[in-house]
Amino acid sequence: MKTRAVFLFALLFVVSPLRASDAPGMLRVLAYDRSIPREVCLDFTNKTGIALDITTAISSSEAADFLYRKKVPFDLLIVSNDVVQSKLDREELLPLDRKKIPSFAKVKSAWCKAAGDPQGNFRVPFDVAAMGLLVDRRVTQAEVRGYMDAFRKPRPGGVAVLVDQRDFLAAALLSLGASVNELSTQNLRAAGVLLQSWLRNTAPASKGIWTNGHSDTFNDLRADLVEGRHGAALLYSGDAIPLMTEFPSRYEWIDPVEGSLKYMTVFAIPKQSARSEAAYKLMDFLLQPEIASQIIVAPGFGIPLNAPWSKIPLDFHGNPGELKAAELMNFFSVQKDITREPRQEVDALFKSLPAPTAPPAP
């Protein structure tokens, strides 16, 4: 996995990750790649005088690596709920003072509940997304209602897989009627048999599923998808929305009938935070509707605020409109703490699978 660590210091000087502790007075943040646009960071620094030292991760496993193996100290976390849950389980989070986050009042209560923290005592939702299927309407192909349809029926160019191996495995488990968190030997074996059949209808370039995120393979797959070389794609709504916005009459979003994964990024302050007051200011800044509306356009994720704006994402049913969280919560599965995943067994499973193949491109 390629590590991408970017630190922002006023005019965006790039430095080594090992020098994070050499920047006293800066607010040290761990966030995902593309979570906070550069112009938003600069705006915050210009308005508050608080310099940001941001380490970016391209996956939950990389975020966990910074926290647990490299043990980099951070003042604020903007990472997935499963990673934050692991910190909470270890009693390593600071209880939040919501009075210091005025914009918290704009966060939808349903998303706080979905984060497992209805009162926002330790974490506050920042953005949300769901895994699903994107179908190219220009390509003549069999109907897609879920994962089984997408991968089992011959599809021109196959299915471009723009998620990592953990999520691809989850799609197989959901198709078998199993929990995405029940990674028993029996379930992994059954999922492996199903995945082996799916790989015959998976885009050959999708060996990127063995890694994660916005790698060169991911970008190549996306480019091929735009070129019309694949009939469908397995991806997250955060990556689908920009495509649907750019080509509004071309792509159709499918919520798989087997169920979906929910991805949520949350704010949390570690107990070791040396600048908790500055962390509160950044949290409040990013939750302001006028700022959140800029963020929503960048990665394409849904911001869980009670506020209107001109560019609103999908409601996860392929329709424009606000995210309808309350009635969709039972539809989503949430993966548990990735640091506790039996990763060796999962890695062994994927190493045993054949290379992806697919019918010719349309």
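The values are calculated or read from the model by the stated rules, or taken from the named source; none is laboratory data. The structure displayed is predicted, hence computed values, not measured ones. Cβ placement follows ideal geometry from the backbone for every residue including glycine, while neighbour counts extend to all protein chains displayed.
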If Ile241 satisfies every condition in (1) under 30 Å from Pro73 (Cβ atoms); (2) outside any strand (DSSP E or B); (3) β-branched (Val, Ile, Thr) but one, which is the exception?
(1)
Given the options Tyr251, Tyr280, Tyr236, Tyr263, name the one that is aromatic (Phe, Trp, Tyr) and at pLDDT 95 or above.
Tyr280
Verdict on Leu183 being modelled with pLDDT of 95 or more and either under 22 Å from Met264 (Cα atoms) or part of a loop (DSSP other than H, G, I, E, B) (or both)
no
Residues of segment 111-142 that turn out to be basic (Lys, Arg) and closer than 27 Å to Leu174 by Cα, as a count:
2
Within segment 130-139, can one find any residue that is assigned to a loop (DSSP other than H, G, I, E, B) and free of Cβ contacts under 8 Å to residues at least 60 places away in the same chain?
no
Please list, ordered by first then second residue, the pairs with beta carbon atoms under 9 Å, 6 or more apart or interchain, first in segment 275-288 and outside any helix (DSSP H, G or I), second surrounded by fewer than 22 Cβ atoms within 10 Å (Cβ to Cβ) and of a type in the set (Lys, Arg).
Leu287/Lys106; Gln288/Lys106
With respect to Gly177, determine if the residue is not charged (D, E, K, R) and not in a helix (DSSP H, G or I).
yes
Taking Arg155 as the residue in question, decide whether it is surrounded by 20 or more Cβ atoms within 10 Å (Cβ to Cβ), in contact (Cβ under 8 Å) with a residue 60 or more places away in the chain, out of contact with any strand residue (DSSP E or B) (no Cβ under 7 Å at 6 or more places or on another chain) and on the phi < 0 side of the Ramachandran plot.
no
Any hit, segment 121-140, residues being surrounded by fewer than 22 Cβ atoms within 10 Å (Cβ to Cβ) and outside the structural domain of Phe247 (by TED's automatic domain parsing)
yes
Reported set for segment 317-362 where residues are modelled with pLDDT of 60 or more, among the small types (Gly, Ala, Ser) and surrounded by 12 or more Cβ atoms within 10 Å (Cβ to Cβ) is Ser333, Ala348, Ala358, Ala361
